[in-house]
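S.K.: Please find one structure pasted underneath; my questions will follow.
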Amino acid sequence: MLDMGEAELTELRRGVLGPCVLALLESRPRFGLELVRDLASAGGVLTSDGTVYPLLNRLRDAGLVTSQWQASEGERARRYYSITQAGGQSLAAFRGEWAQFAATVSHVLEGETVPVVAATKGRP
Amino acid sequence: MSDTALAHRLVAGYLRQFDAAASVLPVQRARELREQVAAHIEDSVGPDASDEEIAAVLRGLGPARLLVAEAVAATGARPWPFRVGWKGWTLIGALLLVVAAVSGYYIKINSMTSVRPLFVEGQSGWWYPPDYNRQVTTQADLATQTTVPIRPGHRQGFFIQVFNFTGMTQTVLGSNLQGGGPNGGTNGSVTLSTSDPQRSGSEPHTLTYALPVSIPPGQSRYLRITWISHGCLSKLNVSGMDSVELRVRVGWTTRTEYIQFNEGFYLGHGGYCP
C-alpha cells in the first residue's frame, strides 16, 4: 500500500510524465519500449512501465503526438511515436511554466520568500 | 518453442488478466493498449526468456488492472451496456427468459384459477317420463323446487344445461356424488352430453352422455344426474339436490366448481310407497 508521500509522488510523476515524453520525442521518434527505457534511465519519473502506453494514447488523442508503423531490416514492425507541431508548442509552453513553478516550489520547500510573480500568478 | 514470448504461460496469464480488466474500455482502445503491451513484452524479452526474466518485465509493466485504470483515467470507461460483454448479456438474457417463463406460468395459473365456473342456464327437467309427468313445481321466495314421487328400486334423475362462458375449455372430470343419490340412492351417475345441444338443436334424450367431457369456450352441455332410488319418504319429507360440485380441469389446473341449479330436484312421497 502507498503511504501519503508515495501517493503524492505518484501524482507528481503523472503530472510531468507527459511533458517528459514530449521532450524525448522532440529529439527523434521512438517506439514504446525505447521511450520506457529512456524515461527509466532518467530515474524517478516512471511509476511503472505500463503507465506510458495509456499516456501515449492520450497524447495522440490530444493531437500532441502521432504514431506510425515502421519495420527495420530483419526486425518486426514497431509503432513509432513522433511529436506534432501542437505537441512542440505544448512542450515549449510547459517548459516556460515549469521553470517558474519548480523555482516556486523550491523556495517554498526551503522556507524562502515566495517570488512575487509566482505568488500572484493566476489570481483573479 | 514459439518464436515470441507472448506464448509464455506467464505472459498469457498476464494478458488474460488484462483482457478481463480491459472490458471496461472502449473496444478499439482496449485492442490498441493490448497491442502496445504485447509489443512491449516482445521487445523486452526473446522467446527463450526464462521465467525470471519474463516475470521482471511483467512486474515492470505493473498490474494489468492498474494499467487499465490508467487508461480509464485518461480516456474514460466504455458505456456500461458494452462493458457487460457477450457473456454478461447471455446471462442477463437467460435470467430474463427464466423470469418471463416463471411470470408467464404464474399469470397463466392465475388466469386459469380465476376463470368463471360453468353457468347453469337453458333447459332442465326430470329425465324419466314417470317423473316429469308427475312433477310438482313450487316456488317460495325466489327458490323454485320441483318434486316427484320417489320410486324405490327404479332409476330416477334429472338434467340441467351448463354453459362455458369463459375463454378456456373446461373439462368435467367427476363430481362429489360418488355414486350416491338423494335419500340413500345408489348407482349414481353423473355424465354430460358429448355435443352441444345449442348447436345440434337435439332433444336431451337423443344425445350421447359420457364422462369426462370437455366444454369448449362458448358451448354448452347437458349435465345428467341419475341414481337408483331406495326407501320411501313421508308426506312431510323430501330429499333432493339443488347443487352439485364438479371436478373440472381448466388448462393445467383441476379445481372444484360449485354448480348451483336454478331449481331444486326433490323426491317426495307418492303412489309408489304405502
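The values are calculated or read from the model by the stated rules, or taken from the named source; none is laboratory data. The shown structure was predicted, so the numbers you read here are calculated from the model rather than taken from an experiment. Here the Cβ is made from the backbone with ideal geometry for all residues, glycine too, and neighbour counts use every protein chain on show. Note: areas computed on protein heavy atoms with side chains; ligands, DNA, RNA excluded. Shrake-Rupley method; radii C 1.70, N 1.55, O 1.52, S 1.80 Å.
S.K.: Write out, first by first residue and then by second, each pair whose Cβ atoms fall under 6 Å of each other, whose residues are 6+ apart or on separate chains, and whose first residue, in segment B:52-63, is within 13 Å of chain A (Cβ to nearest Cβ) while the second is assigned to a loop (DSSP other than H, G, I, E, B) and modelled with pLDDT under 95.
M.R.: Close Cβ pairs (under 6 Å, with a partner that is assigned to a loop (DSSP other than H, G, I, E, B) and modelled with pLDDT under 95) amount to B:Val57/B:Val45; B:Gly62/A:Ser48.
So that you can scan it fast, the table gives a plain yes or no per residue for (1) within 12 Å of the chain's Cα centre (by Cα); (2) farther than 20 Å from A:Phe94 by Cα; (3) not polar (S, T, N, Q):
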{"position": "A:Arg14", "(1), (2), (3)": "yes, no, yes"}
{"position": "A:Leu25", "(1), (2), (3)": "yes, no, yes"}
{"position": "A:Arg28", "(1), (2), (3)": "no, no, yes"}
{"position": "A:Glu34", "(1), (2), (3)": "no, yes, yes"}
{"position": "A:Val52", "(1), (2), (3)": "yes, no, yes"}
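S.K.: Can you pull out every residue in segment B:225-249 that is under 34 Å from the mean Cα position of the chain (by Cα) and either open to solvent by 50 Å² or more (accessible area, probe 1.4 Å) or over 19 Å from B:Ile259 (Cβ atoms) (or both)?
M.R.: Selection gives B:Asp242, B:Glu245, B:Arg247, B:Arg249.
S.K.: Exactly one condition in (1) facing chain A (nearest Cβ under 9 Å); (2) at pLDDT 90 or above is not met by B:Ala74; state its number.
M.R.: Answer for B:Ala74: the failing condition is (2).
S.K.: If A:Glu11 meets every condition in (1) charged (D, E, K, R); (2) facing chain B (nearest Cβ under 9 Å); (3) open to solvent by 50 Å² or more (accessible area, probe 1.4 Å) apart from one, which number is that one?
M.R.: Among (1) charged (D, E, K, R); (2) facing chain B (nearest Cβ under 9 Å); (3) open to solvent by 50 Å² or more (accessible area, probe 1.4 Å), the lone unmet condition for A:Glu11 is (2).
S.K.: Answer yes or no: is there a residue in segment B:83-103 that is crowded, with 17+ Cβ neighbours inside 10 Å, modelled with pLDDT under 90 and of a type outside the set (Lys, Arg).
M.R.: Of all residues in segment B:83-103, those crowded, with 17+ Cβ neighbours inside 10 Å come to none.
There is no residue in segment B:83-103 that is crowded, with 17+ Cβ neighbours inside 10 Å, modelled with pLDDT under 90 and of a type outside the set (Lys, Arg).
S.K.: Would you call A:Glu34 within 12 Å of chain B (Cβ to nearest Cβ) and acidic (Asp, Glu)?
M.R.: yes
S.K.: Of these, B:Thr191, B:Thr186, which one is farther than 23 Å from B:Glu263 by Cβ and either of a type outside the set (D, E, K, R) or not in a helix (DSSP H, G or I) (or both)?
M.R.: B:Thr186
S.K.: Here's a follow-up. Among the candidates B:Arg29, B:Arg16, B:Arg34, B:Arg59, single out the residue that is in a helix (DSSP H, G or I), under 20 Å from A:Ser48 (Cβ atoms) and modelled with pLDDT under 90.
M.R.: Only one candidate qualifies: B:Arg29.
S.K.: May I ask you to list the residues in segment B:25-51 that are surrounded by fewer than 18 Cβ atoms within 10 Å (Cβ to Cβ), within 13 Å of another protein chain (Cβ to nearest Cβ) and among the hydrophobic types (A, V, I, L, M, F, W, C)?
M.R.: Once the filter is applied, which keeps residues that are surrounded by fewer than 18 Cβ atoms within 10 Å (Cβ to Cβ), within 13 Å of another protein chain (Cβ to nearest Cβ) and among the hydrophobic types (A, V, I, L, M, F, W, C), segment B:25-51 yields only B:Ala38.
S.K.: Right, another one. Can you tell which of B:Pro130, B:Pro182, B:Pro197, B:Pro152 is modelled with pLDDT under 90 and surrounded by 13 or more Cβ atoms within 10 Å (Cβ to Cβ)?
M.R.: On the way: B:Pro130 fails: modelled with pLDDT under 90; B:Pro182 fails: modelled with pLDDT under 90; B:Pro152 fails: modelled with pLDDT under 90.
After ruling out the rest, the residue left standing is B:Pro197.
S.K.: Give the number of residues within segment A:36-58 that are within 16 Å of B:Gly62 (Cα to Cα), open to solvent by less than 30 Å² (accessible area, probe 1.4 Å) and in a helix (DSSP H, G or I).
M.R.: Result for segment A:36-58: 8.
S.K.: Is it true that some residue in segment B:176-191 is over 30 Å from B:Pro149 (Cα atoms) and in contact (Cβ under 8 Å) with a residue 40 or more places away in the chain?
M.R.: no
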